[in-house]
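Taking it in order: structure first as structure tokens, then the write-up.
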Amino acid sequence: MRHLLSIEDLDRAAIERILDRAKTFTEVSEREIKKVPALRGRRVLNLFYEASTRTRSSFELAAKSLSADVINFASSGSSVEKGESLKDTVQTLSAYRPDLIVIRTPHVGAAALVAGWTTAGVVNAGDGKHEHPTQALLDVYTLRERLGSLDGLNIWIVGDVLHSRVARSNILAFTKMGAKVTVCGPPTLIPRGMDALCDVAYTLDDLPSADVVYALRMQNERMSDSFVPSLREYAAQYQIDGRRLNARQVLMHPGPVNRGVELAAEVIDSPQAVIGQQVEAGVVVRMAVIYELLAGRNAPQPAISTPIPA
Amino acid sequence: MLDHRPTAPADVLIRGAHVLDPRTGLDARLDVLIRGGEIAEIGSGLQFDGDVVDGTGKHLFPGFVDPHVHLRVPGQEHKEDLESGTRSAAAGGFVAVVAMPNTTPTVDSAPVLRSLRDAARREARVPVGFMASVTLGLDGDALTEMAELRDAGALGFTDDGKPVYRAGILRKALQYQKLAGGIIALHEEDPTLSGKGVMHEGEVSARLGLTGIPSISESTLIARDAAIAGYEGGRIHIQHLSARESVEAIADAKARGVRITCEASPHHLTLTDAELLRRLDTRLKMNPPLRTEDDRQALIEGLKSGVIDCIATDHAPHAREEKEVPFEEAPMGTTGLETAFAAVYTADVLPLALVVEKLSAGAELMGLPTPRIEVGRPADVVLIDLEAEWEVGEAGYESRSENCCFAGRRLRGKVLTTIAAGGIVYRERKLSVV
């Protein structure tokens, strides 16, 4: 495997292999020196065109824990603001000979494009509303830790599915792992055609049948486009609170949480919530992904036919 | 109203080609003698001591006419110009094309139109007709001086690239059409439904996380505009149909006697949005978008039943750097002149005679003479090898741009020679001249 662009790139066996390896990495974080020399001398480039706290920092921590060198590149303050195209930026940064580029952009398919423009491996850390495969992997990891297996689980993904790359990657990953997925949200925020991928519900009436409730972030800017009339109305219809969540259900959220919108405070702090575990899993799962893509691979040589501008 | 740089009148005998012209009823192996740029004789065993082209095993058709191309002049010559665009047309077997006015500046005044026509007389390899815009600057607010534009040679009017969204403005344009004449061609799309959409709305857009353009964005505006045209007795032409609902809306309007015609493009007849799952290629991004298999079938049925009048390419060149960006950022459009016939022929969606007929049917709709293979007519013909297979390349087009949605595909049917307005405007390099 050269790139991780989509959950579609992985079959169940590959997901299990990556997550089993992630499990072995948990021990590294417990050491006094939280580092293994597995990828010493390798270069990982973090290329983030969108704001990110946990994804960027956990990729950085993951790479450093494997002893790789990390370069962080953010679009603000860079030549991107002078109008440099994605292609030119990637080819320029490729001159630094990274072994791996971790990229987040607001555009669907951008990670796949980048993979065509560089000899480095590419990890999609979020491409617009399309996918966020490492988030899905860490979510599967968290559920495996909590429940052992996803086989036969009934998982509800609740909220703004339309704008959510997390939802799209998770639908694919959960389904591959044997779970049955239902998405639920306002009809304006469930894309037409979604029923080809999973079950669709517009009310929480059947939420009690869920084993896992995965709430999505409800973004303020959705109000301006009339996707929902008000956050108040959204919360009344779709907020997961102590009344709607029962004791045997597991609660997940990709963060950052809007307290009092998609989740009520009492459930965030409840023992059913694994939101903290998801964040924790981020580092080991991303270590495993980087390891999967780089360990045992020779450092790439730039193709002679690819001109790399200075 | 067509302009081009005249080519020396052809004197050539095309010997032994299968001549197929659905309008004159020719469908046989024949010799066609062209003298002084006119079809002088059609028969068997013709002799000629000048240029003889061996047509054995090849087909000779009436030349194609495209009522919808973007030649990008004035102002966007980095994408295409009159010379490269018409060279591309000639290489695709087109003997006349109609250029859209969404240029920089817009073709919305007689001086702009006149300078374009002058340029075409210097540069255009095949005859070009020009449309002017319905509204000034395509802003949708104020009508252009339609009567003066017609006098200056505009074939008709269109805000192509955008709808004439305000019903009241379209109504006035249709009222004014009674004075000015000229067809009004409409790009049908309700911007409040299309929103920021970049592809067809459906299962594929749901999977990709891309914002969709629903089919009803097109069909609802067609229904509205057909009603307005019916009320005013106006004549409208609907551009680039893409959806089943649209075909139904046109059929309804035609049944009510509305003076409405429409076109479909080769890419909508041969590709669907499922292509985007294979590869999110910006060359597959166009407006209207590739839709579903059901929509594609509806367009094919529409051409067979006559609801859809002609095939038009909507040839829309864009520079490489403009298309080499993430899908959502890329401009809409694919080139199509050089692949039109081969794409439709290879997909085997229509009988050959219907392909030939629909590829020139746009002429009459635009008020232009329809090419016919008939003695005494100017030679407007194309010689094609139906057996020849070729791969559509990443580059190497006659067009200045390379954004062809068929790139990488193997197609059958290669244009060997195009004769437009009596002159040889294209000859495949490998053509064997006896």
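Taking every C-alpha pair closer than 8 Å and separated by at least 6 residues, the mean separation divided by the residue count of segment A:136-207 gives a relative contact order of 31 percent.
Less than 5 angstrom separates the built amide H of B:Tyr426 from those of B:Thr418, all sequence-distant by 5 or more or on a different chain. With the convex hull drawn over the C-alpha atoms of the protein assembly as shown, the volume per residue is 177 Å³.
With N set to the number of residues, divide the alpha-carbon radius of gyration of chain B by 2.2 N^0.38 Å and report two decimals.
With N residues counted in chain B, Rg over 2.2 N^0.38 Å equals 0.94.
For segment A:72-124, the share of alpha carbon pairs falling in successive 5 Å distance bins from zero is 4, 20, 34, 29, 12, 1 percent. Between B:Asp139 and A:Val279, the simple spin-label model (points 7 angstrom out along Cα→Cβ) gives 5.3 nm.
List A:Asp88, B:Asp108, B:Asp141 from most exposed to least, where exposure is judged by having the fewest other Cβ atoms within 10 Å.
The most exposed by this proxy come first: B:Asp141, A:Asp88, B:Asp108.
In terms of other Cβ atoms within 10 Å, A:Tyr49, B:Tyr165 run from fewest to most in the order B:Tyr165, A:Tyr49. For chain B, the longest principal axis of the C-alpha atoms and the axis of helix B:215-232 are separated by about 80°.
What's the lysine pair count for segment B:65-370 at a Cα cut-off below 16 Å, pairs eight or more apart or interchain? Value for segment B:65-370: 6.
Here the Kirkwood formula, the inverse mean of 1/r across different C-alpha pairs, assigns segment A:1-150 a hydrodynamic radius of 16.2 Å. Most fluctuating residue of A:Ala215, A:Ala120, A:Ala13 in a GNM of chain A with Cα springs under 10 Å: which is it? Residue with maximal mean-square fluctuation among A:Ala215, A:Ala120, A:Ala13: A:Ala13.
Evaluated with a Cβ-only charge set (Lys, Arg +1; Asp, Glu -1), the protein assembly as shown carries a dipole of roughly 1480 debye about its Cα centre, given to the nearest 20. Taking every Cα-Cα distance in segment B:21-92 and sorting them into 5 Å bins from zero, the calculated P(r) comes out as 3, 12, 18, 17, 14, 11, 10, 9, 5, 1, 0 percent.
Work out, in µm²/s and without decimals, the Stokes-Einstein translational diffusion coefficient of segment B:54-104 at 37 °C, 0.692 mPa s, Rh from Kirkwood over C-alpha pairs. For the chosen part, D equals 272 µm²/s. The base-10 log of I(q)/I(0) for segment B:1-137, evaluated at q = 0.09, 0.13 Å⁻¹, reads -0.36, -0.65 [Debye formula, identical scatterers on Cα atoms, solvent excluded]. Measure nothing fancy, just the Cα-based angle from helix B:167-180's long axis to the longest principal axis of chain B, in degrees from 0 to 90, nearest 10. Helix B:167-180 sits at roughly 40 degrees to that axis. Within the listed set A:Gly83, A:Gly152, A:Gly276, the residue fluctuating most in the Gaussian network model of chain A (springs between alpha-carbon atoms under 10 angstrom) is A:Gly83. With both residues required to sit in segment B:91-202, DSSP beta bridges show an antiparallel share near 10%. Remark: relative contact order (chain A) = 21 percent; criterion is Cα-Cα distance under 8 angstrom and separation of 6 or more residues. When the charge dipole of the protein assembly as shown is built from unit charges on Cβ atoms (+1 for Lys and Arg, -1 for Asp and Glu) and taken about the Cα centre, the candidate among B:Leu271, B:His187, B:Tyr165 whose Cα reaches farthest toward its positive end is B:Leu271. As a proxy for reagent exposure, A:Trp117, A:Trp156, B:Trp390 were ordered by neighbouring Cβ count within 10 angstrom, fewest first; the result is B:Trp390, A:Trp117, A:Trp156.
Computed over segment B:65-370, relative contact order equals 17 percent, with contacts defined as Cα pairs under 8 Å that lie 6+ residues apart.
Once you have the Kirkwood Rh of segment A:133-279 from its Cα pairs, apply Stokes-Einstein at 20 °C and 1.002 mPa s and quote D in µm²/s.
Details: Rh = 15.0 Å.
For the chosen part, D equals 143 µm²/s.
Computed extension length for A:Arg54-A:Arg12: 12.5 nm, one decimal, from 0.36 nm per residue of separation with the Cα-Cα distance subtracted.
Using only the C-alpha atoms of segment B:127-230, find the volume of their convex hull and express it per residue in Å³.
Enclosed volume per residue, from the Cα hull, is 114 Å³.
For the pair segment B:185-246 / segment A:80-124, the C-alpha centres are spaced 35 Å from each other. All C-alpha to C-alpha distances of segment A:20-106, sorted into 5 Å bins beginning at zero, yield P(r) values of 3, 13, 22, 21, 17, 11, 7, 4, 1 percent in whole numbers. 3J(HN,Hα) couplings calculated from phi for segment B:284-291 with the Karplus curve 6.51 cos²θ - 1.76 cosθ + 1.60 (θ = phi - 60°) are, in sequence order, 8, 9, 8, 10, x, x, 4, 10 Hz; Gly and Pro show x.
Between 0 and 90 degrees, the angle of helix A:133-147 with respect to the longest Cα principal axis of chain A falls at about 50 degrees. Phi angles of segment A:49-63 translate, via the Karplus equation with coefficients 6.51, -1.76, 1.60 and θ = phi - 60°, into HN-Hα couplings of 9, 9, 4, 7, 9, 6, 5, 5, 5, 6, 5, 5, 5, 5, 5 Hz per residue; Gly and Pro are given as x. Calculated on C-alpha atoms, the gyration radius of chain A divided by its Kirkwood radius gives an Rg/Rh of 0.98. Summing Lys and Arg as +1 and Asp and Glu as -1 over all other residues whose Cβ lies under 13 Å from the Cβ of A:Ser58 gives a net charge of +3. Each of B:Lys304 and A:Ala74 was given a label point 7 Å from its Cα along the Cα-to-Cβ line. The distance between the two points is 6.0 nm.
Read-outs throughout are calculated quantities, based only on the coordinates presented, and are distinct from any laboratory measurement. Not measured: the values here are computed from a predicted model. Don't worry about glycine lacking a Cβ; one is built from the backbone with ideal geometry, like all the others, and counts go over all protein chains shown.
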